[in-house]
Amino acid sequence: MTTGAQALDEPFRSRRNHWNNQIASHAQMRPDAVALRFRGVDTTWQQLHQRSQKFADALARRGVGFGDRVLILALNYPEYIEAVFGINALGAIAVPVNFRLTPPEVAYIVGDSGAKAIVTDTVLQPLATAVLAQATALETCIVIGGKTAEGVLGYDDALAEEGTPHTPLDIPEDTPSLIMYTSGTTGSPKGAVLSHANMNAQALTCIRAMDLGPESIGFCTSPLFHIAGLGSLAPYFLLGGKTVLHPLGAFDPTEFLDAVEKEQATTAFCVPAQWQAICAEPTVKDRKLALTMLSWGAAPASDSVLRAMAECFPNAANVAVFGQTEMSPITCVLEGEDALRKLGSVGKPIPTIQARIVDDEMNDVAPGEVGEIVYRGPTLMQGYWNKPEATAEAFAGGWFHSGDLVRADDEGFVWVVDRKKDMIISGGENIYCAEVENVLFGHPKIREAAVVGRTHEKWGEVPVAVVALIDPDAELTLDELEPYLNENLARYKHPKDLVIVPELPRNASGKVVKVQLRKDYSS
(Lines give C-alpha, C1' and ligand atoms only; values in the text may rest on other atoms or scores of the structure.)
Protein backbone atom coordinates (compact mmCIF):
# COMPACT_ATOMS: atom_id res chain seq x y z
CA MET A 1 0.00 0.00 0.00
CA THR A 2 1.14 3.56 -0.68
CA THR A 3 -0.09 6.84 0.61
CA GLY A 4 0.18 9.87 -1.62
CA ALA A 5 2.62 9.95 -4.54
CA GLN A 6 5.99 8.26 -4.21
CA ALA A 7 8.97 7.68 -6.49
CA LEU A 8 8.99 3.89 -6.76
CA ASP A 9 10.25 1.21 -9.12
CA GLU A 10 8.62 1.15 -12.53
CA PRO A 11 7.08 -2.35 -12.15
CA PHE A 12 5.05 -1.12 -9.17
CA ARG A 13 4.02 2.15 -10.78
CA SER A 14 2.91 0.37 -13.96
CA ARG A 15 0.16 -1.45 -12.04
CA ARG A 16 -1.81 1.78 -11.64
CA ASN A 17 -4.90 1.93 -13.83
CA HIS A 18 -5.14 5.52 -15.05
CA TRP A 19 -4.78 7.20 -18.40
CA ASN A 20 -1.09 8.06 -18.11
CA ASN A 21 -0.25 4.40 -17.67
CA GLN A 22 -2.71 3.45 -20.41
CA ILE A 23 -0.94 5.81 -22.83
CA ALA A 24 2.45 4.42 -21.77
CA SER A 25 1.20 0.89 -22.49
CA HIS A 26 0.02 1.80 -25.98
CA ALA A 27 3.30 3.64 -26.64
CA GLN A 28 5.15 0.45 -25.72
CA MET A 29 2.92 -2.07 -27.49
CA ARG A 30 1.70 -0.13 -30.58
CA PRO A 31 3.97 2.91 -30.83
CA ASP A 32 3.14 3.81 -34.43
CA ALA A 33 -0.62 3.34 -34.20
CA VAL A 34 -2.64 6.54 -34.45
CA ALA A 35 -4.00 7.91 -31.17
CA LEU A 36 -5.33 11.26 -32.41
CA ARG A 37 -6.07 12.84 -35.75
CA PHE A 38 -6.59 16.59 -36.06
CA ARG A 39 -7.00 18.42 -39.36
CA GLY A 40 -5.51 15.43 -41.18
CA VAL A 41 -2.38 15.26 -38.99
CA ASP A 42 -1.78 12.14 -36.90
CA THR A 43 -0.36 11.84 -33.40
CA THR A 44 0.82 8.32 -32.60
CA TRP A 45 0.66 6.77 -29.17
CA GLN A 46 4.44 7.06 -28.86
CA GLN A 47 4.33 10.75 -29.77
CA LEU A 48 1.44 11.39 -27.37
CA HIS A 49 3.31 9.74 -24.51
CA GLN A 50 6.66 11.40 -25.23
CA ARG A 51 5.20 14.89 -25.73
CA SER A 52 3.08 14.72 -22.59
CA GLN A 53 6.12 13.66 -20.57
CA LYS A 54 8.16 16.54 -21.99
CA PHE A 55 5.36 18.91 -21.05
CA ALA A 56 5.47 17.49 -17.52
CA ASP A 57 9.21 18.22 -17.49
CA ALA A 58 8.60 21.85 -18.47
CA LEU A 59 5.98 22.31 -15.76
CA ALA A 60 8.16 20.67 -13.12
CA ARG A 61 11.01 23.05 -13.94
CA ARG A 62 8.58 25.89 -13.20
CA GLY A 63 7.64 24.59 -9.80
CA VAL A 64 4.48 22.63 -10.60
CA GLY A 65 4.24 19.50 -8.48
CA PHE A 66 1.92 17.01 -6.83
CA GLY A 67 -1.48 18.52 -6.01
CA ASP A 68 -0.91 21.82 -7.84
CA ARG A 69 -3.55 23.10 -10.24
CA VAL A 70 -3.01 24.14 -13.86
CA LEU A 71 -5.74 25.86 -15.90
CA ILE A 72 -6.31 25.01 -19.55
CA LEU A 73 -8.03 27.74 -21.55
CA ALA A 74 -7.86 26.56 -25.16
CA LEU A 75 -9.74 25.29 -28.17
CA ASN A 76 -9.59 21.62 -29.15
CA TYR A 77 -6.06 20.59 -30.14
CA PRO A 78 -3.96 17.45 -29.57
CA GLU A 79 -1.79 19.68 -27.35
CA TYR A 80 -4.78 20.10 -25.02
CA ILE A 81 -4.78 16.38 -24.34
CA GLU A 82 -0.98 16.29 -24.06
CA ALA A 83 -1.23 19.06 -21.48
CA VAL A 84 -3.77 17.13 -19.40
CA PHE A 85 -1.52 14.06 -19.38
CA GLY A 86 1.58 16.13 -18.63
CA ILE A 87 -0.14 17.84 -15.70
CA ASN A 88 -1.39 14.50 -14.35
CA ALA A 89 2.06 12.89 -14.75
CA LEU A 90 3.22 15.17 -11.94
CA GLY A 91 0.25 14.30 -9.74
CA ALA A 92 -1.02 17.81 -10.47
CA ILE A 93 -4.63 18.60 -11.36
CA ALA A 94 -5.83 19.89 -14.73
CA VAL A 95 -8.54 22.58 -14.61
CA PRO A 96 -10.25 22.86 -18.02
CA VAL A 97 -12.01 26.24 -18.39
CA ASN A 98 -14.89 27.25 -20.63
CA PHE A 99 -13.42 29.71 -23.14
CA ARG A 100 -16.79 31.46 -23.46
CA LEU A 101 -16.41 32.94 -19.97
CA THR A 102 -15.50 36.57 -19.38
CA PRO A 103 -12.18 37.59 -17.73
CA PRO A 104 -13.80 38.12 -14.29
CA GLU A 105 -15.44 34.67 -14.50
CA VAL A 106 -12.15 32.98 -15.40
CA ALA A 107 -10.31 35.01 -12.77
CA TYR A 108 -12.76 33.71 -10.15
CA ILE A 109 -11.85 30.13 -11.12
CA VAL A 110 -8.15 30.98 -10.96
CA GLY A 111 -8.59 32.32 -7.45
CA ASP A 112 -10.84 29.52 -6.26
CA SER A 113 -8.62 26.75 -7.62
CA GLY A 114 -5.36 28.45 -6.61
CA ALA A 115 -3.87 27.65 -10.01
CA LYS A 116 -0.12 28.21 -10.51
CA ALA A 117 -0.08 28.13 -14.31
CA ILE A 118 -2.31 28.52 -17.35
CA VAL A 119 -2.17 26.87 -20.76
CA THR A 120 -3.85 28.79 -23.57
CA ASP A 121 -3.60 29.21 -27.36
CA THR A 122 -3.01 32.06 -29.79
CA VAL A 123 -6.74 32.48 -30.45
CA LEU A 124 -7.60 32.86 -26.76
CA GLN A 125 -4.42 34.72 -25.77
CA PRO A 126 -6.31 38.06 -25.43
CA LEU A 127 -8.69 36.47 -22.93
CA ALA A 128 -5.79 34.86 -21.08
CA THR A 129 -3.96 38.20 -20.99
CA ALA A 130 -7.01 39.88 -19.46
CA VAL A 131 -7.20 37.08 -16.89
CA LEU A 132 -3.49 37.41 -16.06
CA ALA A 133 -4.03 41.11 -15.36
CA GLN A 134 -6.67 40.22 -12.75
CA ALA A 135 -5.20 36.97 -11.39
CA THR A 136 -1.66 37.97 -10.46
CA ALA A 137 -1.02 34.67 -8.63
CA LEU A 138 -0.58 32.86 -11.95
CA GLU A 139 3.16 32.27 -12.31
CA THR A 140 3.37 30.69 -15.78
CA CYS A 141 1.53 31.14 -19.09
CA ILE A 142 2.15 28.64 -21.90
CA VAL A 143 0.69 29.30 -25.35
CA ILE A 144 -0.21 26.57 -27.85
CA GLY A 145 0.79 27.82 -31.29
CA GLY A 146 3.79 29.87 -30.22
CA LYS A 147 4.90 32.75 -28.05
CA THR A 148 2.63 35.75 -28.60
CA ALA A 149 3.87 38.24 -26.00
CA GLU A 150 6.63 38.92 -23.53
CA GLY A 151 6.44 36.90 -20.36
CA VAL A 152 4.76 33.87 -21.95
CA LEU A 153 6.22 30.59 -23.19
CA GLY A 154 5.43 28.88 -26.49
CA TYR A 155 4.15 25.33 -26.06
CA ASP A 156 6.60 23.75 -28.52
CA ASP A 157 9.42 25.83 -27.02
CA ALA A 158 8.57 24.31 -23.64
CA LEU A 159 8.79 20.80 -25.11
CA ALA A 160 12.11 21.56 -26.82
CA GLU A 161 13.82 22.79 -23.65
CA GLU A 162 16.90 21.06 -22.35
CA GLY A 163 16.92 20.38 -18.66
CA THR A 164 16.35 17.92 -15.87
CA PRO A 165 13.31 15.67 -16.46
CA HIS A 166 10.70 15.28 -13.77
CA THR A 167 10.96 12.41 -11.30
CA PRO A 168 8.39 9.72 -12.17
CA LEU A 169 5.91 9.20 -9.35
CA ASP A 170 3.59 6.45 -8.25
CA ILE A 171 0.22 8.19 -8.42
CA PRO A 172 -2.66 6.33 -6.71
CA GLU A 173 -5.94 6.02 -8.59
CA ASP A 174 -7.77 8.15 -6.03
CA THR A 175 -5.52 11.14 -6.81
CA PRO A 176 -7.52 14.03 -8.31
CA SER A 177 -7.07 14.29 -12.07
CA LEU A 178 -9.47 17.08 -13.04
CA ILE A 179 -11.40 19.94 -11.49
CA MET A 180 -14.38 20.61 -13.73
CA TYR A 181 -16.16 23.84 -12.89
CA THR A 182 -19.93 24.00 -13.15
CA SER A 183 -22.07 27.06 -12.51
CA GLY A 184 -23.66 27.12 -9.06
CA THR A 185 -27.23 28.03 -8.19
CA THR A 186 -25.85 30.87 -6.05
CA GLY A 187 -23.95 32.27 -9.01
CA SER A 188 -20.50 31.07 -7.87
CA PRO A 189 -19.07 28.21 -9.97
CA LYS A 190 -18.26 24.98 -8.16
CA GLY A 191 -15.32 22.77 -9.07
CA ALA A 192 -16.17 19.06 -9.19
CA VAL A 193 -13.05 17.09 -8.23
CA LEU A 194 -12.72 14.00 -10.42
CA SER A 195 -10.09 11.36 -9.69
CA HIS A 196 -8.23 9.00 -11.99
CA ALA A 197 -10.48 6.22 -10.71
CA ASN A 198 -13.55 8.27 -11.68
CA MET A 199 -12.32 8.67 -15.26
CA ASN A 200 -11.40 5.02 -15.56
CA ALA A 201 -14.90 4.03 -14.40
CA GLN A 202 -16.31 6.47 -16.97
CA ALA A 203 -14.21 4.76 -19.67
CA LEU A 204 -15.66 1.37 -18.76
CA THR A 205 -19.18 2.84 -18.81
CA CYS A 206 -18.69 4.12 -22.36
CA ILE A 207 -17.14 0.87 -23.56
CA ARG A 208 -20.16 -1.08 -22.37
CA ALA A 209 -22.83 1.42 -23.43
CA MET A 210 -21.44 1.96 -26.92
CA ASP A 211 -19.94 -1.45 -27.58
CA LEU A 212 -16.49 -0.01 -28.21
CA GLY A 213 -13.34 -1.93 -29.09
CA PRO A 214 -9.71 -1.24 -30.12
CA GLU A 215 -10.80 -0.86 -33.76
CA SER A 216 -13.43 1.77 -32.95
CA ILE A 217 -12.83 5.27 -34.34
CA GLY A 218 -14.32 8.02 -32.22
CA PHE A 219 -15.32 11.42 -33.55
CA CYS A 220 -15.13 14.21 -30.94
CA THR A 221 -17.12 17.40 -31.53
CA SER A 222 -17.48 18.35 -27.86
CA PRO A 223 -15.20 21.04 -26.41
CA LEU A 224 -12.55 19.50 -24.20
CA PHE A 225 -13.39 21.90 -21.36
CA HIS A 226 -16.71 20.02 -21.09
CA ILE A 227 -16.85 16.66 -19.34
CA ALA A 228 -18.54 15.28 -22.47
CA GLY A 229 -15.26 15.95 -24.30
CA LEU A 230 -12.68 14.32 -22.04
CA GLY A 231 -15.28 11.81 -20.84
CA SER A 232 -15.90 10.58 -24.38
CA LEU A 233 -12.15 10.24 -25.03
CA ALA A 234 -11.48 8.19 -21.88
CA PRO A 235 -12.52 4.81 -23.40
CA TYR A 236 -10.18 5.30 -26.36
CA PHE A 237 -7.27 6.01 -24.03
CA LEU A 238 -8.04 2.72 -22.28
CA LEU A 239 -8.59 0.62 -25.41
CA GLY A 240 -6.04 2.19 -27.72
CA GLY A 241 -8.58 3.18 -30.37
CA LYS A 242 -8.25 6.24 -32.60
CA THR A 243 -10.01 9.55 -31.92
CA VAL A 244 -10.61 12.22 -34.55
CA LEU A 245 -10.73 15.69 -32.96
CA HIS A 246 -13.09 18.01 -34.84
CA PRO A 247 -12.04 21.70 -34.78
CA LEU A 248 -14.26 23.95 -32.72
CA GLY A 249 -16.20 26.81 -34.24
CA ALA A 250 -19.66 27.44 -35.62
CA PHE A 251 -21.12 23.96 -36.13
CA ASP A 252 -21.49 23.09 -39.82
CA PRO A 253 -23.40 19.85 -40.50
CA THR A 254 -21.87 19.49 -43.97
CA GLU A 255 -18.34 19.77 -42.58
CA PHE A 256 -19.28 17.25 -39.88
CA LEU A 257 -20.55 14.72 -42.43
CA ASP A 258 -17.56 15.32 -44.72
CA ALA A 259 -15.16 14.59 -41.87
CA VAL A 260 -17.06 11.57 -40.50
CA GLU A 261 -17.20 10.10 -44.01
CA LYS A 262 -13.53 10.79 -44.77
CA GLU A 263 -12.29 9.37 -41.46
CA GLN A 264 -14.78 6.46 -41.48
CA ALA A 265 -15.59 7.17 -37.85
CA THR A 266 -17.65 4.49 -36.13
CA THR A 267 -19.03 6.52 -33.21
CA ALA A 268 -20.04 10.15 -32.76
CA PHE A 269 -21.57 12.17 -29.93
CA CYS A 270 -23.51 15.37 -30.57
CA VAL A 271 -26.08 17.39 -28.67
CA PRO A 272 -29.65 17.17 -30.07
CA ALA A 273 -29.46 20.58 -31.79
CA GLN A 274 -26.46 19.33 -33.77
CA TRP A 275 -28.16 16.05 -34.72
CA GLN A 276 -31.17 18.04 -35.86
CA ALA A 277 -28.95 20.08 -38.20
CA ILE A 278 -27.13 16.96 -39.42
CA CYS A 279 -30.38 15.16 -40.27
CA ALA A 280 -31.57 18.22 -42.22
CA GLU A 281 -28.40 18.28 -44.35
CA PRO A 282 -29.49 17.47 -47.95
CA THR A 283 -26.83 14.81 -48.65
CA VAL A 284 -27.01 12.97 -45.33
CA LYS A 285 -28.69 9.84 -46.78
CA ASP A 286 -26.26 9.62 -49.70
CA ARG A 287 -23.11 9.41 -47.60
CA LYS A 288 -20.92 6.31 -47.36
CA LEU A 289 -20.58 6.27 -43.59
CA ALA A 290 -19.13 3.72 -41.20
CA LEU A 291 -21.13 4.93 -38.19
CA THR A 292 -22.42 2.07 -36.07
CA MET A 293 -23.23 4.13 -32.98
CA LEU A 294 -24.78 7.56 -32.54
CA SER A 295 -25.00 9.08 -29.10
CA TRP A 296 -26.58 12.21 -27.74
CA GLY A 297 -27.02 13.96 -24.44
CA ALA A 298 -26.45 17.21 -22.49
CA ALA A 299 -29.96 18.40 -23.46
CA PRO A 300 -33.39 16.83 -24.16
CA ALA A 301 -34.05 15.48 -27.66
CA SER A 302 -37.48 15.87 -29.23
CA ASP A 303 -39.37 12.93 -30.70
CA SER A 304 -38.96 14.43 -34.18
CA VAL A 305 -35.17 14.57 -33.83
CA LEU A 306 -34.97 10.97 -32.61
CA ARG A 307 -37.16 9.76 -35.48
CA ALA A 308 -35.07 11.73 -37.97
CA MET A 309 -31.89 10.12 -36.61
CA ALA A 310 -33.42 6.66 -37.01
CA GLU A 311 -34.40 7.48 -40.61
CA CYS A 312 -31.08 9.05 -41.62
CA PHE A 313 -28.83 6.47 -39.92
CA PRO A 314 -30.75 3.15 -40.15
CA ASN A 315 -27.60 1.05 -39.62
CA ALA A 316 -26.45 2.85 -36.48
CA ALA A 317 -27.68 2.29 -32.94
CA ASN A 318 -28.99 5.44 -31.27
CA VAL A 319 -27.74 5.67 -27.69
CA ALA A 320 -28.84 8.38 -25.24
CA VAL A 321 -26.49 9.19 -22.37
CA PHE A 322 -27.58 11.14 -19.31
CA GLY A 323 -25.69 12.39 -16.30
CA GLN A 324 -23.77 15.35 -14.93
CA THR A 325 -20.24 16.56 -14.38
CA GLU A 326 -20.20 15.37 -10.76
CA MET A 327 -20.74 11.78 -12.01
CA SER A 328 -17.94 11.85 -14.63
CA PRO A 329 -20.66 12.19 -16.22
CA ILE A 330 -22.79 9.23 -17.36
CA THR A 331 -25.41 7.79 -15.00
CA CYS A 332 -28.15 6.52 -17.34
CA VAL A 333 -28.04 5.02 -20.82
CA LEU A 334 -30.85 4.38 -23.30
CA GLU A 335 -29.58 1.63 -25.56
CA GLY A 336 -30.21 1.68 -29.29
CA GLU A 337 -32.76 -1.12 -29.29
CA ASP A 338 -34.97 0.88 -26.91
CA ALA A 339 -34.54 4.31 -28.58
CA LEU A 340 -37.95 4.36 -30.26
CA ARG A 341 -39.78 2.01 -27.88
CA LYS A 342 -38.98 4.32 -24.93
CA LEU A 343 -39.02 7.61 -26.80
CA GLY A 344 -38.11 10.51 -24.52
CA SER A 345 -36.54 8.35 -21.81
CA VAL A 346 -32.89 8.77 -20.78
CA GLY A 347 -32.68 5.03 -20.24
CA LYS A 348 -31.77 2.99 -17.18
CA PRO A 349 -29.10 3.66 -14.55
CA ILE A 350 -25.83 2.00 -15.58
CA PRO A 351 -25.02 -1.24 -13.69
CA THR A 352 -21.79 0.10 -12.18
CA ILE A 353 -23.56 2.70 -10.02
CA GLN A 354 -26.33 2.73 -7.43
CA ALA A 355 -29.32 4.98 -8.07
CA ARG A 356 -32.55 5.73 -6.22
CA ILE A 357 -35.50 8.03 -6.86
CA VAL A 358 -36.48 9.61 -3.56
CA ASP A 359 -38.76 12.20 -1.97
CA ASP A 360 -37.57 15.03 0.27
CA GLU A 361 -37.32 12.64 3.24
CA MET A 362 -35.11 10.21 1.24
CA ASN A 363 -37.90 7.65 0.92
CA ASP A 364 -38.02 5.73 -2.37
CA VAL A 365 -40.95 6.75 -4.53
CA ALA A 366 -43.14 4.28 -6.41
CA PRO A 367 -42.81 3.74 -10.20
CA GLY A 368 -44.52 6.58 -12.04
CA GLU A 369 -44.09 9.03 -9.16
CA VAL A 370 -41.74 12.01 -9.40
CA GLY A 371 -38.71 12.25 -7.13
CA GLU A 372 -35.07 13.30 -7.12
CA ILE A 373 -32.58 10.79 -8.51
CA VAL A 374 -29.60 10.26 -6.17
CA TYR A 375 -26.42 8.27 -6.77
CA ARG A 376 -23.49 6.36 -5.36
CA GLY A 377 -20.70 4.65 -7.24
CA PRO A 378 -17.15 4.73 -8.66
CA THR A 379 -17.82 7.64 -11.02
CA LEU A 380 -18.96 9.94 -8.19
CA MET A 381 -16.75 13.00 -7.66
CA GLN A 382 -14.70 13.42 -4.50
CA GLY A 383 -16.49 16.68 -3.73
CA TYR A 384 -16.52 20.35 -4.67
CA TRP A 385 -13.13 22.03 -4.51
CA ASN A 386 -12.84 24.48 -1.63
CA LYS A 387 -16.56 24.20 -0.81
CA PRO A 388 -17.12 21.83 2.14
CA GLU A 389 -20.63 23.12 2.84
CA ALA A 390 -21.76 22.60 -0.76
CA THR A 391 -20.18 19.13 -0.69
CA ALA A 392 -21.96 18.21 2.54
CA GLU A 393 -25.26 19.43 1.11
CA ALA A 394 -24.76 17.44 -2.10
CA PHE A 395 -23.94 14.26 -0.12
CA ALA A 396 -26.73 14.62 2.47
CA GLY A 397 -27.97 11.23 3.65
CA GLY A 398 -24.97 9.42 2.19
CA TRP A 399 -26.07 9.81 -1.44
CA PHE A 400 -25.20 12.36 -4.09
CA HIS A 401 -28.19 14.59 -4.80
CA SER A 402 -28.38 15.24 -8.53
CA GLY A 403 -31.01 17.97 -8.40
CA ASP A 404 -32.86 16.18 -11.24
CA LEU A 405 -36.52 15.38 -10.73
CA VAL A 406 -37.42 12.21 -12.60
CA ARG A 407 -39.89 9.36 -12.77
CA ALA A 408 -39.31 5.73 -13.68
CA ASP A 409 -41.65 3.21 -15.29
CA ASP A 410 -42.19 -0.41 -14.25
CA GLU A 411 -39.20 -1.53 -16.35
CA GLY A 412 -36.85 0.94 -14.69
CA PHE A 413 -36.58 3.40 -17.59
CA VAL A 414 -36.13 6.98 -16.39
CA TRP A 415 -37.75 10.17 -17.68
CA VAL A 416 -36.51 13.62 -16.62
CA VAL A 417 -39.43 15.74 -15.45
CA ASP A 418 -37.79 18.93 -14.19
CA ARG A 419 -34.70 20.20 -12.43
CA LYS A 420 -34.71 20.87 -8.74
CA LYS A 421 -31.90 23.33 -9.20
CA ASP A 422 -32.95 26.29 -11.28
CA MET A 423 -31.04 25.49 -14.45
CA ILE A 424 -31.51 25.98 -18.16
CA ILE A 425 -29.84 23.69 -20.73
CA SER A 426 -29.21 25.60 -23.95
CA GLY A 427 -27.42 23.79 -26.77
CA GLY A 428 -25.85 21.39 -24.28
CA GLU A 429 -24.56 24.17 -21.98
CA ASN A 430 -25.81 24.59 -18.42
CA ILE A 431 -27.11 28.06 -17.56
CA TYR A 432 -28.05 28.69 -13.95
CA CYS A 433 -30.72 31.33 -13.52
CA ALA A 434 -29.32 32.69 -10.25
CA GLU A 435 -26.00 33.50 -11.88
CA VAL A 436 -27.69 35.50 -14.64
CA GLU A 437 -30.01 37.15 -12.11
CA ASN A 438 -27.08 38.25 -9.97
CA VAL A 439 -25.59 40.07 -12.95
CA LEU A 440 -28.93 41.67 -13.86
CA PHE A 441 -29.34 42.93 -10.29
CA GLY A 442 -26.18 45.00 -10.77
CA HIS A 443 -27.59 47.03 -13.67
CA PRO A 444 -28.42 50.60 -12.58
CA LYS A 445 -31.92 50.51 -14.08
CA ILE A 446 -33.02 47.12 -12.70
CA ARG A 447 -34.76 46.76 -9.34
CA GLU A 448 -35.49 43.04 -9.39
CA ALA A 449 -35.02 40.25 -11.90
CA ALA A 450 -35.90 36.63 -12.51
CA VAL A 451 -34.73 34.33 -15.30
CA VAL A 452 -36.68 31.40 -16.71
CA GLY A 453 -36.16 29.06 -19.63
CA ARG A 454 -38.11 29.34 -22.85
CA THR A 455 -38.44 26.41 -25.23
CA HIS A 456 -36.47 26.88 -28.46
CA GLU A 457 -36.58 24.72 -31.57
CA LYS A 458 -32.81 24.77 -32.16
CA TRP A 459 -31.23 25.17 -28.71
CA GLY A 460 -33.78 23.31 -26.59
CA GLU A 461 -34.08 26.21 -24.15
CA VAL A 462 -32.93 29.82 -23.99
CA PRO A 463 -32.95 32.20 -21.02
CA VAL A 464 -35.59 34.92 -20.74
CA ALA A 465 -35.18 37.79 -18.26
CA VAL A 466 -38.24 39.18 -16.48
CA VAL A 467 -37.34 42.43 -14.74
CA ALA A 468 -38.88 45.31 -12.84
CA LEU A 469 -37.20 48.70 -13.20
CA ILE A 470 -36.26 51.16 -10.46
CA ASP A 471 -38.03 53.91 -12.36
CA PRO A 472 -41.38 52.52 -13.56
CA ASP A 473 -41.51 55.16 -16.31
CA ALA A 474 -38.06 54.24 -17.69
CA GLU A 475 -37.35 51.98 -20.65
CA LEU A 476 -34.78 49.21 -21.16
CA THR A 477 -34.09 47.07 -24.21
CA LEU A 478 -31.89 44.03 -24.86
CA ASP A 479 -29.69 46.11 -27.14
CA GLU A 480 -29.13 48.62 -24.34
CA LEU A 481 -28.42 45.80 -21.88
CA GLU A 482 -25.97 43.99 -24.19
CA PRO A 483 -22.74 45.96 -23.43
CA TYR A 484 -23.28 45.49 -19.70
CA LEU A 485 -23.86 41.75 -20.15
CA ASN A 486 -20.77 41.42 -22.36
CA GLU A 487 -18.61 42.73 -19.51
CA ASN A 488 -20.01 40.41 -16.86
CA LEU A 489 -21.40 37.25 -18.42
CA ALA A 490 -20.43 34.69 -21.03
CA ARG A 491 -22.42 35.31 -24.20
CA TYR A 492 -24.20 31.96 -24.23
CA LYS A 493 -25.73 32.90 -20.85
CA HIS A 494 -27.26 36.15 -22.14
CA PRO A 495 -31.07 36.40 -22.02
CA LYS A 496 -32.60 36.11 -25.48
CA ASP A 497 -35.67 38.12 -24.51
CA LEU A 498 -36.36 40.86 -21.99
CA VAL A 499 -39.78 41.27 -20.39
CA ILE A 500 -40.51 44.43 -18.36
CA VAL A 501 -43.12 44.03 -15.61
CA PRO A 502 -44.27 46.38 -12.83
CA GLU A 503 -43.21 43.82 -10.22
CA LEU A 504 -42.36 40.16 -9.97
CA PRO A 505 -45.00 37.77 -8.56
CA ARG A 506 -44.15 36.71 -5.02
CA ASN A 507 -45.65 34.31 -2.50
CA ALA A 508 -46.51 35.06 1.11
CA SER A 509 -42.92 34.50 2.22
CA GLY A 510 -41.60 36.97 -0.34
CA LYS A 511 -40.11 34.45 -2.76
CA VAL A 512 -40.53 34.93 -6.50
CA VAL A 513 -43.17 32.55 -7.90
CA LYS A 514 -41.25 31.13 -10.84
CA VAL A 515 -44.02 28.67 -11.63
CA GLN A 516 -46.13 31.65 -12.67
CA LEU A 517 -43.29 33.18 -14.68
CA ARG A 518 -42.69 29.91 -16.54
CA LYS A 519 -46.41 29.67 -17.26
CA ASP A 520 -46.45 33.20 -18.68
CA TYR A 521 -43.12 33.37 -20.53
CA SER A 522 -41.67 29.90 -21.19
CA SER A 523 -43.28 29.37 -24.59
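The values are calculated or read from the model by the stated rules, or taken from the named source; none is laboratory data. Every value quoted in this text rests on a predicted model; they were computed, and no experiment measured them. No Cβ is skipped: glycine too gets one built from the backbone with ideal geometry, and neighbour counts run over all protein chains shown.
Summary table
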{"item": "Number of positions in the stretch 268-287 that are among the hydrophobic types (A, V, I, L, M, F, W, C) and part of a helix (DSSP H, G or I)", "result": "6"}
{"item": "Test set (1) touching a Gly at 6+ places or on another chain (Cβ under 9 Å); (2) of a type in the set (S, T, N, Q); (3) more than 30 Å from Asn315 (Cβ to Cβ) - Gln382 fails condition number", "result": "(1)"}
{"item": "Qualifying residue in the stretch 117-137 (condition: at pLDDT below 90, under 24 Å from Asp57 (Cα atoms) and in contact with a helix residue (DSSP H, G or I) (Cβ under 8 Å, 6 or more places away or on another chain))", "result": "yes"}
{"item": "Selection count, the stretch 224-265, where residues are within 17 Å of Gly427 (Cα to Cα) and free of Cβ contacts under 8 Å to residues at least 24 places away in the same chain", "result": "3"}
{"item": "Every residue from the stretch 202-219 that is part of a helix (DSSP H, G or I) and either among the aliphatic types (A, V, I, L, M) or buried (at least 23 other Cβ atoms within 10 Å of the Cβ) (or both)", "result": "Gln202, Ala203, Leu204, Thr205, Cys206, Ile207, Ala209, Met210"}
{"item": "Residue tally, condition under 20 Å from the mean Cα position of the chain (by Cα), at pLDDT 95 or above and closer than 20 Å to Ala316 by Cβ, over the stretch 199-217", "result": "0"}
{"item": "Residue among Val305, Val374 that is in contact (Cβ under 8 Å) with a residue 12 or more places away in the chain, in the same structural domain as Glu281 (by TED's automatic domain parsing) and either touching a His at 6+ places or on another chain (Cβ under 6 Å) or part of a strand (DSSP E or B) (or both)", "result": "Val374"}
{"item": "Criterion violated by Leu340 - all others in (1) surrounded by fewer than 21 Cβ atoms within 10 Å (Cβ to Cβ); (2) at positive phi satisfied", "result": "(2)"}
{"item": "Which numbered condition Arg16 misses (of (1) closer than 20 Å to Val131 by Cβ; (2) at pLDDT below 95)", "result": "(1)"}
{"item": "Which listed residue is assigned to a helix (DSSP H, G or I) and surrounded by 17 or more Cβ atoms within 10 Å (Cβ to Cβ), from Leu481, Leu498", "result": "Leu481"}
{"item": "Options Ala115, Ala133, Ala107, Ala137: the member that is of a type outside the set (Lys, Arg), part of a loop (DSSP other than H, G, I, E, B), surrounded by fewer than 24 Cβ atoms within 10 Å (Cβ to Cβ) and not assigned by TED's automatic domain parsing to the domain that holds His494", "result": "Ala137"}
{"item": "Contacts under 6 angstrom Cβ, first residue in the stretch 446-459 being outside the structural domain of Asp303 (by TED's automatic domain parsing) and exposed (fewer than 15 other Cβ atoms within 10 Å of the Cβ), partner of a type in the set (S, T, N, Q) and not in a strand (DSSP E or B), 6 or more apart", "result": "Thr455/Ser523"}
{"item": "Residue in the stretch 266-274 that is farther than 25 Å from Asn198 by Cβ, surrounded by fewer than 19 Cβ atoms within 10 Å (Cβ to Cβ) and touching a residue at least 40 places away in the same chain (Cβ under 8 Å) present", "result": "no"}
{"item": "Restricting the stretch 158-201 to residues that are in a strand (DSSP E or B) and of a type in the set (Gly, Ala, Ser), the residue that is surrounded by the most Cβ atoms within 10 Å (Cβ to Cβ)", "result": "Ser177"}
{"item": "Top-ranked residue of the stretch 369-417 - restricted to ones that are acidic (Asp, Glu) and within 22 Å of Glu335 (Cα to Cα), ranked as surrounded by the most Cβ atoms within 10 Å (Cβ to Cβ)", "result": "Asp404"}
{"item": "Filtered residues of the stretch 140-157 (kept if within 26 Å of the chain's Cα centre (by Cα) and either over 19 Å from Ser52 (Cα atoms) or not in a loop (DSSP other than H, G, I, E, B) (or both))", "result": "Thr140, Cys141, Ile142, Val143, Ile144, Tyr155"}
{"item": "Filter result for Thr136 (in contact with a strand residue (DSSP E or B) (Cβ under 8 Å, 6 or more places away or on another chain) and of a type in the set (S, T, N, Q))", "result": "no"}
{"item": "Checklist (1) touching a helix residue (DSSP H, G or I) at 6+ places or on another chain (Cβ under 7 Å); (2) loosely packed, with under 13 Cβ neighbours inside 10 Å applied to Glu487, failing item", "result": "(1)"}
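Here's the yes/no breakdown for (1) free of Cβ contacts under 8 Å to residues at least 24 places away in the same chain; (2) buried (at least 17 other Cβ atoms within 10 Å of the Cβ); (3) touching an Asp or Glu at 6+ places or on another chain (Cβ under 6 Å):
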{"site": "Arg287", "(1), (2), (3)": "no, no, yes"}
{"site": "Leu294", "(1), (2), (3)": "no, yes, no"}
{"site": "Asn315", "(1), (2), (3)": "no, no, no"}
{"site": "Ala320", "(1), (2), (3)": "no, yes, no"}
{"site": "Asp360", "(1), (2), (3)": "yes, no, no"}
{"site": "Pro367", "(1), (2), (3)": "no, no, yes"}
